[in-house]
Amino acid sequence: MSSSPPPHIPDRFREDKAAYALRGLGQPDIEAGVAAIRDTVRTLTLQPGVYRMVDARGDVLYVGKAKALKNRVTNYTQITRLPKRLQRMVAQTRSMTIVTTGTEAEALLLEAQLIKRYRPPYNVLLRDDKSFPYILVRKDHDFPRIQKHRGARKIAGRYFGPYASGGAVNRTLNAMQKLFLLRSCTDSFFANRSRPCLLYQIKRCSAPCVGRIDADGYAELVSDAEAFLSGKAGGVQAKLASQMQHASEAMDYELAAVFRDRLKALTFVQTYQAINGQGLEDADVFALAARGGAMCIQAFFIRGGQNCGSHSIFPVHTADVDEDEVLTSFLGQFYEEAPPPPVLVLDRSLVEEDLLAEALSVRADRKVRIESPRRGGKVKLIDQARRNAAEALERRQAESAGQAKLLRGLADLFDLPEPPDRIEIYDNSHIQGAHALGAMVVAGPEGFRKSQYRKFNIKNPETRTDDDFAMMREVFTRRFFRAQEEDPDREKGEWPDLVLIDGGKGQLSAACAILQEMGVDDVPLVGVAKGPFHGRDGREVFHLPDGREISLPVNDPVLFYIQRLRDEAHRFAIGAHRQKRSKAITTSSLDEVPGIGPARKKALLMHFGTARAVKDARLEDLRRAPGVSAKVAQMIYDYFHNS
């Protein structure tokens, strides 16, 4: 069989080779990419499935799904018909991974799962990939607890939401405490109460921990709370009004006042959650706005006819991608973890709308309907979502323009070749050497990238934890050794364009020395130190590796921006240090004794009072402790006295 002639390479693609070389990617080989795809096509059938484009390093470039794999993948060999973005992808492709599925709907579900796992650079991605919060009424205790919940839904109980933000959940929980008096404390706190806590005193808890309400009465409160969160607020309101009336008629005015306050709380929640969602009980509403290559998707969450808030989401990698494709990909990823509601209301019809509805129905294990109304009350809701999306996108682009100006100012100030795309800021935190750690904060044109923040626990026994210079050396060694190991060609965008260090010449010198030892000489470093009056006048001194010191006027926007970056690193480092210190407080020397679990540790502490008393106890005293056998007592005694 004669080999196929090499494909024609469009002139517009040849122009991109210089751009690739500048980014350190080397010149792309489109012939090799097409050859790798053709080799894969020979093995494919017309089954549905998912394909992955993989580069020479084994990193996933793109994940796609197909109704007929052979037909879909063959399209990538037709270079002249591909958009510029996909031509780049083909040029980097060196192999493919194929997974067949039973149906196209299963392929759509698998595609969303793999996109979230690999986050390929040529797929549309959710920039804000966090999970949305829920309200959880737990069912793993005789007196259920109400709380905020994020993440996997593994705890037994009823989940209500999602809510658009933690603030929306907190406001609702705050009102729910006044309304239903359900406990919010942990089980251990609940078990160790001998008198009501402050929440009972301010009428935000019914104090089941000390028997101020029996199990049946508390169960009734839980039932009312669940009814309210399910959208049956009218019944709860009528019930409270009736109870207030009966208490008033019985001249129990104190009890009537309690019901009155609960009614006020109910009114507050209903007012906050009021939304014109005619005919919608459980639904999510989405509208997309596009401008200048950027896109925003506005989401409204409605549960039980109540407004659970709205959220603006800005997907990335959307340049040259059709709006229909962006919204379809977004919805697949959005519901990869969260269960979809019975109805999705969209501002447009999608080409693969039926397929998406089928896939989401499989995921939810019930029918999911997708609507794009053109008349009726839902159109007003769609129009509101469209306006919010357009306004949010306009605000973000205005902020981005301001951010771009600040980044250009940074480049001018520190003689960078171009505005930095990735800025890393480092800080250390400890108290007299205890619980020491380093912290790294990352920022870019879109703001802080919190998913890329990192903590560095100081592990090297040779590093003095009261020596900031030594700590900085360890942090930089670990950070850049890993960068050299995982991304030596700097293709993943994880190497910094600028590094800011919270400190003066000493910290900067330590960082420079480490990078020189590792052969890294092209990462700009700047030390950010307090001015001559220790920052009281708002000034900072910027130390550069060549010995120069730069200062800016106190009203310079670039100075404010650098201070904001430094303060965020400081906040993150202090928070991580406090978390580490709090965790250490809850540990004791008993944790190191072999054979001592949580229950036996608690019994020993309850009997002796402190871990020091257990350590100093005689063997006879240990044997008399409840739940401690002679063998265990001997083991404890030997550990503390023979080690």
Look through GLY597, GLY575 and report the one residue that is at pLDDT below 85 and in the same structural domain as GLY438 (by TED's automatic domain parsing). GLY575
Residues of the range 365-404 being within 19 Å of LEU288 (Cβ to Cβ) and among the acidic types (Asp, Glu), in sequence order, are GLU371, ASP383, GLU391, GLU394
Test set (1) free of Cβ contacts under 8 Å to residues at least 60 places away in the same chain; (2) in a helix (DSSP H, G or I); (3) surrounded by 23 or more Cβ atoms within 10 Å (Cβ to Cβ) - ILE302 fails condition number: (2)
Could you check the range 146-203 for helices (runs of 4 or more DSSP H) lying wholly inside it with 2 or more residues that are under 27 Å from PRO341 (Cα atoms) and either more than 20 Å from the chain's Cα centre (by Cα) or without any contact (Cβ under 8 Å) to a residue 60 or more places away in the chain (or both)? 166-180
Given (1) in the same structural domain as ALA510 (by TED's automatic domain parsing); (2) at pLDDT below 90, identify the lone condition not met by VAL442. (2)
Given the criteria outside any helix (DSSP H, G or I), within 27 Å of the chain's Cα centre (by Cα) and closer than 29 Å to GLY58 by Cβ, does GLU494 qualify? yes
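Counting residues that are within 22 Å of SER188 (Cα to Cα) and not β-branched (Val, Ile, Thr), which helices (runs of 4 or more DSSP H) fully inside the range 593-643 reach at least 2?
Numbers: elements: 598-608, 611-616, 619-624, 630-642.
Filter on the range 593-643 gives 598-608.
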Determine, yes or no, whether GLU462 is without any contact (Cβ under 8 Å) to a residue 24 or more places away in the chain and among the acidic types (Asp, Glu). yes
Might you check whether a residue that is within 18 Å of the chain's Cα centre (by Cα), touching a residue at least 24 places away in the same chain (Cβ under 8 Å) and outside the structural domain of LEU288 (by TED's automatic domain parsing) occurs anywhere in the range 91-110? no
List pairs: first residue in the range 438-456 and of a type in the set (S, T, N, Q), second residue surrounded by 15 or more Cβ atoms within 10 Å (Cβ to Cβ) anywhere in the structure, Cβ distance under 7 angstrom, at least six positions apart or on different chains. GLN452/VAL442
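Residue-by-condition table, conditions (1) surrounded by fewer than 19 Cβ atoms within 10 Å (Cβ to Cβ); (2) assigned to a helix (DSSP H, G or I):
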{"site": "ASP354", "(1), (2)": "yes, yes"}
{"site": "LYS367", "(1), (2)": "yes, no"}
{"site": "PRO373", "(1), (2)": "yes, no"}
{"site": "ALA385", "(1), (2)": "no, yes"}
{"site": "ALA389", "(1), (2)": "no, yes"}
{"site": "GLY409", "(1), (2)": "yes, yes"}
I'd like the full set of residues that are among the basic types (Lys, Arg) and not in a helix (DSSP H, G or I), limited to the range 462-481. ARG464
Note on GLN177: of the conditions (1) in contact with a Ser or Thr (Cβ under 7 Å, 6 or more places away or on another chain); (2) in the same structural domain as LEU46 (by TED's automatic domain parsing); (3) among the polar types (S, T, N, Q), unmet is (2)
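Has the range 215-222 got any residue that is among the hydrophobic types (A, V, I, L, M, F, W, C) and assigned to a loop (DSSP other than H, G, I, E, B)?
Of the range 215-222, the ones among the hydrophobic types (A, V, I, L, M, F, W, C) are 215, 219, 221-222.
Within this subset, residues satisfying the condition of being assigned to a loop (DSSP other than H, G, I, E, B) are none.
Among the residues of the range 215-222, not one is among the hydrophobic types (A, V, I, L, M, F, W, C) and assigned to a loop (DSSP other than H, G, I, E, B), which makes the answer no.
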List pairs: first in the range 351-377 and in contact (Cβ under 8 Å) with a residue 40 or more places away in the chain, second part of a helix (DSSP H, G or I) and of a type in the set (D, E, K, R), Cβ under 8 Å, 6+ apart or cross-chain? LEU355/GLU104; ALA359/GLU106; VAL362/GLU106
Flagged pairs (Cβ under 8 angstrom, 6 or more apart or on separate chains; first in the range 498-512, assigned by TED's automatic domain parsing to the domain that holds MET472; second among the basic types (Lys, Arg)) are LEU498/ARG422; LEU500/ARG566; ASP502/ARG566; ALA510/ARG473; ALA511/ARG473
Answer from PHE190, PHE228, PHE180, PHE132 - the residue that is surrounded by 14 or more Cβ atoms within 10 Å (Cβ to Cβ) and within 30 Å of ILE115 (Cα to Cα): PHE132
Residue by residue through the range 494-507, note down the ones that are crowded, with 22+ Cβ neighbours inside 10 Å and touching a Leu at 6+ places or on another chain (Cβ under 9 Å). LEU498, VAL499, LEU500, ILE501
Tabulated pairs, the range 309-322, first within 14 Å of LEU393 (Cβ to Cβ) and not assigned by TED's automatic domain parsing to the domain that holds GLY161, second at pLDDT below 85 and assigned to a strand (DSSP E or B), C-beta under 6 angstrom, 6+ apart or interchain: none
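Out of the range 323-352, which residues are in a helix (DSSP H, G or I) and either in the same structural domain as LEU109 (by TED's automatic domain parsing) or under 26 Å from HIS149 (Cβ atoms) (or both)? Working first, answer last.
Looking only at the range 323-352, we keep the residues that are in a helix (DSSP H, G or I), and these are 323-334.
Those that are in a helix (DSSP H, G or I) and either in the same structural domain as LEU109 (by TED's automatic domain parsing) or under 26 Å from HIS149 (Cβ atoms) (or both): PHE330, LEU331, GLY332, GLN333, PHE334.
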From the list GLU491, GLU474, which one is on the phi < 0 side of the Ramachandran plot, surrounded by 15 or more Cβ atoms within 10 Å (Cβ to Cβ) and without any contact (Cβ under 8 Å) to a residue 40 or more places away in the chain? GLU474
Only unsatisfied item for ARG473, checking (1) among the charged types (D, E, K, R); (2) modelled with pLDDT of 85 or more; (3) more than 14 Å from MET518 (Cα to Cα), is (3)
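Please determine whether any residue of the range 503-514 is in a loop (DSSP other than H, G, I, E, B), under 30 Å from the mean Cα position of the chain (by Cα) and not β-branched (Val, Ile, Thr). Please lay out each step first, then the result.
To start, the set of residues in the range 503-514 that are in a loop (DSSP other than H, G, I, E, B) comprises 503-504.
From what is left, the residues that are under 30 Å from the mean Cα position of the chain (by Cα) are 503.
With not β-branched (Val, Ile, Thr) added as a condition, the list becomes 503.
Yes, some residue in the range 503-514 is in a loop (DSSP other than H, G, I, E, B), under 30 Å from the mean Cα position of the chain (by Cα) and not β-branched (Val, Ile, Thr).
The values are calculated or read from the model by the stated rules, or taken from the named source; none is laboratory data. As the structure is a computational prediction, the values presented were derived from the model and not from experiment. Note that each Cβ is placed from the backbone with ideal geometry, even for glycine, and that neighbours are counted across all protein chains shown.
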